[in-house]
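Readers should treat all values here as calculations from the given coordinates under stated rules, not as data from a laboratory. For clarity, every value in this text was computed on a predicted model and none was experimentally measured. Glycine also receives a Cβ, built like all others from the backbone with ideal geometry; neighbour counts cover every protein chain displayed.
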Amino acid sequence: MGLRLAFAGFRHGHILSLYQRSLEHEAVEIVAACEEDDAAAREVASGSSAVEITHRDFGKMLSEVECDAVAVGDYYGKRGSLILTALEHGKHAIADKPLCTGRSEVDRIEELALARGLKVGCMLTMRDSRPMLGLRKLLREGTIGEVHAITFGGQHPLLHDSRPQWYFEEGKHGGTINDIGVHALDAIPWMTGLRVKRIEAARCWNAFADHAPHFQDGAQLMLSLENGCGVLGDVSYFAPDAAGYDLPLYWRVTVWGRRGVAETSSSAAEIRLAMDTDHELRSAPLPPGKAGGFLESFLRDIAGDTPGDGELDTKAVLASARLALEVQKAADEGCTQVDLIG
């Protein structure tokens, strides 16, 4: 029997890709879909997606439907409570990022998952990306030597008119670093094999979203890895609206090593690098991608398989969620030099 998966919330478009992949996956059966918000339910029903809303109450869905796992795509501030409820009912859980918006929620999710032998997945899709897989391979092989500096830009377009309006409602978003930065905070240790040792500084502020002064669309951070490598990142909602996702600047990552430098981005067709002996940039080809790898990892985690090299599992998902929330907290409270490991 395949995994019986019920969906809870369709407040962000990312969850639709999980729904579609689940429809097409021979080892997954979608058994229910719940949307409690009236407007969102109408939008999903009238859209081009294949989603069929079966329930309007999450608790009722859990009591009426036999399922093995719940996929959560509600607004960010609600996700933690839905995941916790699913775990309390003995269900595995997978969510779009961010997993939740509270550090206490991560702690409780971890506690329940461990106590009940349940698994937690997340749509951390950077691990499935061809450019990032290629960059990871290059770094893990030691091509550019020990890594000493990383810069990344994950700026997104704000798209105020088309972005879900709950983003701009107080208490529903949870912070831009937790929202966007979690991708890089998951990917950098995955690529380098190095843990984040210290949050040197982080900042969030309101800039473009002048219609919602409380919404901090600017976000920057500075970290140190356990070998002393410095990390500088910007994940602001500052990219141009029309071309923001297609620019070569979208998720551009530059890594400076002892013997050379390497760079790629989400839209790149290659990795560009220069070694100490090179007089100009050269290119390295990209490996195959792993589209939908986050779902495959979740299924293997539930099956009890040993994680493959660089594969997501519950431990990795929770570690990345916790790290993102720690950096968000540093930004919110103006904290600097926050040690994460001794």
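Rounded to the nearest 0.05, what FRET efficiency do Ala274 and Glu141 have when you use their Cβ-Cβ distance and R0 = 22 Å?
Details: r = 16 Å, r/R0 = 0.75.
Result of the calculation: an efficiency of 0.85.
If I take all pairs of Cα atoms in segment 3-118, what percentage of them are more than 23 Å from each other?
On the way: 1531 of 6670 pairs.
I get 23 percent for the Cα pairs in segment 3-118 exceeding 23 Å.
Students often get this wrong, so check it: of Lys172/Lys315; Lys172/Lys290; Lys60/Lys329; Lys137/Lys172; Lys60/Lys119; Lys91/Lys137, which have C-alpha atoms separated by over 28 Å? Could you put the intermediate results ahead of the total?
On the way: Lys172/Lys315 26 Å; Lys172/Lys290 31 Å; Lys60/Lys329 35 Å; Lys137/Lys172 37 Å; Lys60/Lys119 22 Å; Lys91/Lys137 35 Å.
With Cα atoms farther than 28 Å apart: Lys172/Lys290; Lys60/Lys329; Lys137/Lys172; Lys91/Lys137.
Limiting things to C-alpha atoms, what are the Rg and the maximum Cα-Cα separation (Dmax) for the chain, in angstroms?
19.9, 66
Using the Kirkwood radius over C-alpha pairs as Rh, can you work out the diffusion coefficient of segment 162-253 via Stokes-Einstein at 37 °C, viscosity 0.692 mPa s, in µm² per second? Provide the component values of the computation, followed by the final result.
Details: Rh = 14.4 Å.
My calculation gives 227 µm²/s for D.
Set Lys and Arg Cβ to +1 and Asp and Glu Cβ to -1, take the dipole of the chain about its Cα centre, and tell me which of Val261, Ser17, His156 lies farthest positive.
About the Cα centre, the residue reaching furthest to the positive side is Val261.
For segment 3-118, what's the relative contact order in percent, using C-alpha pairs closer than 8 Å and at least 6 residues apart? All intermediate terms of the calculation are to be shown ahead of the outcome.
Values: 197 pairs, mean separation 31.7, N = 116.
With pairs under 8 Å counted, the relative contact order is 27 percent.
In segment 191-270, which trypsin sites (Lys or Arg not before Pro) fall in coil by DSSP and have 14 or fewer other Cβ atoms within 10 Å?
On the way: sites: Arg195, Lys197, Arg198, Arg203, Arg252, Arg258, Arg259; in loops: Arg195, Arg258, Arg259.
For trypsin sites (Lys or Arg not before Pro) across segment 191-270 that sit outside H, G, I, E and B with at most 14 neighbouring Cβ atoms in 10 Å, the list reads Arg195, Arg258, Arg259.
With labels modelled as points extended 7 Å from the Cα through the Cβ direction, what inter-label distance (nm, one decimal) is found for Asp241 paired with Glu200?
3.6
So which helices of the chain fit the span-like rule, where a helix is a whole DSSP H run, its Cα atoms reach 18 Å or more along the axis, and its mean Kyte-Doolittle is at least 0.0? Kindly include the intermediate steps, with their values, before the conclusion.
Values: long enough: 76-88 (19 Å, 0.17); 103-116 (20 Å, -0.60); 314-333 (28 Å, 0.14).
Membrane-span-like by this rule: 76-88, 314-333.
What distance in nm separates the two pseudo spin-label positions at Ala303 and Arg258, each 7 Å out from Cα along the beta-carbon direction?
Roughly 4.0 nm, to one decimal.
For segment 99-135, run through the GluC sites (Glu not before Pro) and keep only the ones in DSSP coil with at most 13 other Cβ atoms within 10 Å of their Cβ. All intermediate terms of the calculation are to be shown ahead of the outcome.
Working: sites: Glu105, Glu110, Glu111; in loops: none.
Answer by residue number: there is no such site.
Between Leu281 and Gln337, take the C-beta separation as r, use R0 = 35 Å, and let me know the FRET efficiency to the nearest 0.05.
Values: r = 35 Å, r/R0 = 1.01.
The value I calculate is 0.50.
At 7 Å along the Cα-to-beta-carbon direction for both Ile53 and Asp161, put a label point, then send me their distance in nm to one decimal.
So the label points at Ile53 and Asp161 sit 2.5 nm apart.
Excluding Arg11 itself, calculate the net charge of residues whose Cβ lies under 10 Å from the Cβ of Arg11, where each Lys or Arg counts +1 and each Asp or Glu counts -1.
On the way: positive: Lys78, Arg79, Lys172; negative: Glu35, Glu36, Asp37, Glu43, Asp74, Asp96.
Summing Lys and Arg as +1 and Asp and Glu as -1 gives -3.
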